[in-house]
1. Determine which member of the set Q75, Q105 is farther than 15 Å from T148 by Cβ and more than 19 Å from the chain's Cα centre (by Cα).
2. If I filter the stretch 49-64 down to residues being buried (at least 24 other Cβ atoms within 10 Å of the Cβ) and touching a residue at least 60 places away in the same chain (Cβ under 8 Å), which single residue comes out as nearest to I96 (Cα to Cα)?
3. Among the residues of the stretch 178-190, are any touching a strand residue (DSSP E or B) at 6+ places or on another chain (Cβ under 7 Å) and more than 24 Å from A227 (Cβ to Cβ)?
4. Exactly one condition in (1) surrounded by 19 or more Cβ atoms within 10 Å (Cβ to Cβ); (2) under 14 Å from the mean Cα position of the chain (by Cα); (3) not in a loop (DSSP other than H, G, I, E, B) is not met by L152; state its number.
5. Considering only residues of the stretch 155-197 that are of a type in the set (K, R) and farther than 25 Å from E95 by Cβ, which is surrounded by the most Cβ atoms within 10 Å (Cβ to Cβ)?
6. Any idea which of D123, D133 is over 14 Å from the mean Cα position of the chain (by Cα), under 18 Å from R62 (Cβ atoms), at pLDDT below 95 and among the acidic types (D, E)?
7. How many residues does the stretch 126-143 hold that are in contact with a strand residue (DSSP E or B) (Cβ under 6 Å, 6 or more places away or on another chain) and within 26 Å of R34 (Cβ to Cβ)?
8. Taking Y206, is it closer than 21 Å to E36 by Cα, away from the ligand (no atom under 12 Å from the Cβ) and buried (at least 17 other Cβ atoms within 10 Å of the Cβ)?
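The values are calculated or read from the model by the stated rules, or taken from the named source; none is laboratory data. Since this is a predicted model, take the numbers as computed values, not measurements. Here Cβ is always computed from backbone atoms with ideal geometry, including for glycine, and neighbour counts include all displayed protein chains.
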Amino acid sequence: MAIQAECKTEPLDDNHLRLSLGETPTITHFFRGRSETWKQVALKAKNFQGNKLRVLSAGCSRGFEAFSIAAIITQVRPDLDFEVVGVDNSPTIIEIARNASLSTQILRFEKAEVDPVFIPLLDKMIVLSDGLDQLKISPCITNKCDFTQADLFDLPDKLGHFDVIMCCNVKMYCLSGVQRDDLDCRLSNILKAEGLYITDPGYPVYKPKYFDLVEDFSDTGVYHKAAKEI
Ligand SMILES: C[S@@+](CC[C@H](N)C(=O)[O-])C[C@H]1O[C@@H](n2cnc3c(N)ncnc32)[C@H](O)[C@@H]1O
């Protein structure tokens with residue numbers, strides 16, 4: 001049976017409320033970070049034996065991370081039943097994610113920023129919407145993604161458990177170590193026993209308490225749920 005950690009919640013203060021209200025920058029990118037990290041997602045999908053692979057993009061912003069995950073999985077295991085759940089506390093950003101559109105200008109910028117190995121995949125993900133400036137993420141990607149507005153500190157039980165959780169560029173907004181550990185603890189409790197946790201090292205750099213490191217890619221670390229009770 002998977003270990004359930006006891007999370008030490010801080011009383012809600014101004015900092016937490018600020019996070020809960022979604023007043024954080026919502027910058028995101030397709031295939032953000034190093035390609036080694038994305039290879040871990042691909043590997044997990046490739047070797048997945050269960051019925052349905054479930055991935056959480058925690059703090060998903062406008063969905064580019066969730067769409068990237070879905071594109072990678074579709075590429076390596078076109079046969080696989082899977083879903084990517086994106087959660088963000090900002091209702092506005094969740095509406096944008098659900099709409100799954102972007103301008104040609106954003107796409108140009110993303111292509112300039114992304115690791116070039118991902119450009120063919122990015123091209124496949126995008127379809128023209130009106131032939132002018134608006135582009136859409138392809139339905140074969142969006143059909144695999146479900147966006148929910150929720151606070152990561154108060155996730156609804158119905159969200160269930162996940163085989164992979166990505167929580168990148170979110171914890172930097174936790175303004176105390178206790179709050180950051182609380183978030184890690186909550187995410188560890190919804191990660192399946194053999195699941196992967198992918199997160200950035202934070203600033204200042206710290207080691208997530210509720211997980212054991214599998215591989216460190218400097219901009220992200222890949223973890224398993226801690227083998228020992230905390
Ligand atoms: C900088 S973006 C990162 C997006 C994406 N994970 C990435 O790495 O590209 C951070 C996102 O986390 C969301 N966020 C911050 N605190 C949150 C919380 N307590 N619950 C849910 N979402 C939160 C913000 O609304 C924002 O969209």
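1. Values: Q75 fails: more than 19 Å from the chain's Cα centre (by Cα).
Answer to the check: Q105.
2. Among those that are buried (at least 24 other Cβ atoms within 10 Å of the Cβ) and touching a residue at least 60 places away in the same chain (Cβ under 8 Å), it is G63.
3. Checked the stretch 178-190: no residue is touching a strand residue (DSSP E or B) at 6+ places or on another chain (Cβ under 7 Å) and more than 24 Å from A227 (Cβ to Cβ).
4. The single condition L152 does not satisfy is (3).
5. Just the residues of the stretch 155-197 that are of a type in the set (K, R), to begin with: 158, 171, 180, 186, 192.
Keeping just the survivors that are farther than 25 Å from E95 by Cβ gives 180, 192.
Working: R180: 19, K192: 16.
Among them, the one singled out is R180.
6. On the way: D123 fails: under 18 Å from R62 (Cβ atoms).
After ruling out the rest, the residue left standing is D133.
7. Matching residues across the stretch 126-143 total 3.
8. Details: closer than 21 Å to E36 by Cα: yes; away from the ligand (no atom under 12 Å from the Cβ): yes; buried (at least 17 other Cβ atoms within 10 Å of the Cβ): no.
No: the conditions fail for Y206.
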